[in-house]
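Student: For reference, the structure I am asking about is given below.
None of the figures in this text is laboratory data; all of them are computed from the coordinates on show. Nothing here was measured: the structure is a model prediction, and the numbers come from that model. Heads up, the Cβs are rebuilt from the backbone with ideal geometry, glycines too, and the neighbour counts pull from every protein chain shown.
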Amino acid sequence: ICATLLSIYSFNAECYAAEVISTSRQEADNICRAYISNPKDFAPAQTYDCKIRRYAGEDAEWDAQCYDHNGTTYAGLYSGGTDGGSAIISVDNNNVSQNIPISNVNVNGYGFATHDKILTYNNDVYATNGSDLRLVENGVQTVLCTFLYKATEWTETKPLDLPICQSFENENFTQLVNATAQDAPQYPEAKPLNKYLVDIDSDGTTDNLISYHYASGAGAGCNANPLLLSVNNELIAKYRNNLLYSSTSEGNIQLGEALQSLTLKCNQQSRVWSPILIADKNFIMASNNLDDTAKSVMYPYLSKPLPDIEIYEYVDSKFVKICSQTPKVSKHIAHKVLAKEKWGALNYTPIE
């Protein structure tokens, strides 16, 4: 049926599904459900080493992995950003690459360096980045469906022989009360969210920790929710290798650098960092939704469905992971897609 599927998709507020000629919405939906139920049936394409040129007249040739199908040669590369560029391209008889655009503007923009995989199923070619399934045909990629992941339960905390981890497993910990970060020092391209007054390094003095939402469009882009140290209304942090503070103690510098190194990591827009109290000692918890006490989280965007919940302790001027829980997840089809803004992740929303 995919040979007749045309690259015409529409978006409406109620449902996101294929608007096709000679193929029903149900048939497109069946393909996606087949992919969820039997992913091994969608075999990775048997590629071979090849050389391509990015444009006509270019002398340099680039290494790629190619796949021949029905007279067309496809090559797998890295995507080009938020303009709908994809990792999957076609190659003409002169080994010059041809872009294969993604047809629906509401789901264009898979981000920088998203690696698409080429799949084959029933003699048709598909592409996926872990969050969607696309038919590749007639010079266009048509999004058949997008996916979300639901964490239904969490594995046992590891290692469980540590008393701290046993307390975490039994939920015998306190999430420390935060306050609105009014008059917080500014971090470039970031919005202050909350502040926590807590002795995180166990030196007997209270530390002022401030959480931020950071979204930068420079270069490959970066989204994160860092937790930073503030001393005398200055952030003990760096921005593009420039210090944001004038002077402070060596202990503050070490703590500030350790916090920034731990929590300011790009492409972790769902990651939340906060201090918690276990057995009269403070730790940093990396979670995915602080409001979710039932440990069931929808995490729809990245190909890695859901990061572990982790507990970190400040030891010898660095944060060390001491406990973790891993989610068990199931994949579902998301039929409603919210239009993507210029920067940031795609906002997939399920229909309940």
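Student: Over the stretch 187-289, what relative contact order in percent results from Cα pairs under 8 Å that are six or more residues apart? Don't skip to the answer; put the middle values down first.
Tutor: Details: 195 pairs, mean separation 25.0, N = 103.
Relative contact order comes out at 24 percent.
Student: So how much slack lies between S247 and I322, counting 0.36 nm per residue of separation and subtracting their Cα-Cα distance, in nm?
Tutor: Gain on extension, S247 to I322, equals 23.8 nm.
Student: Ok, one more. Can you sort L119, L176, L209 so the residue with the fewest Cβ neighbours within 10 Å comes first?
Tutor: Values: L119 20, L176 16, L209 27.
Exposure proxy ranking, most exposed first: L176, L119, L209.
Student: Kirkwood Rh, Cα Rg: Rg to Rh for the stretch 124-256?
Tutor: 1.13
Student: Now a separate question. What nm distance separates the two modelled labels at L193 and C266, each placed 7 Å from Cα along Cα→Cβ?
Tutor: Result for the modelled spin labels: 2.0 nm.
Student: Can you give the FRET efficiency to the nearest 0.05 for R240 and A56, using r as the Cβ-Cβ distance and R₀ = 30 Å?
Tutor: 0.20
Student: Next question. Take D29, D280 and order them by how many other Cβ atoms sit within 10 Å, fewest up front. Numbers along the way, then the final one.
Tutor: Working: D29 16, D280 5.
Ascending number of Cβ neighbours within 10 Å: D280, D29.
Student: Applying 1/(1 + (r/R0)^6) with R0 = 41 Å to the Cβ-Cβ distance of D183 and L162, what FRET efficiency is obtained, to the nearest 0.05?
Tutor: Here the calculated transfer efficiency is 0.60.
Student: With r as the distance between the Cβ atoms of S330 and N123 and R0 = 35 Å, compute the FRET efficiency 1/(1 + (r/R0)^6) and round to 0.05.
Tutor: 0.75
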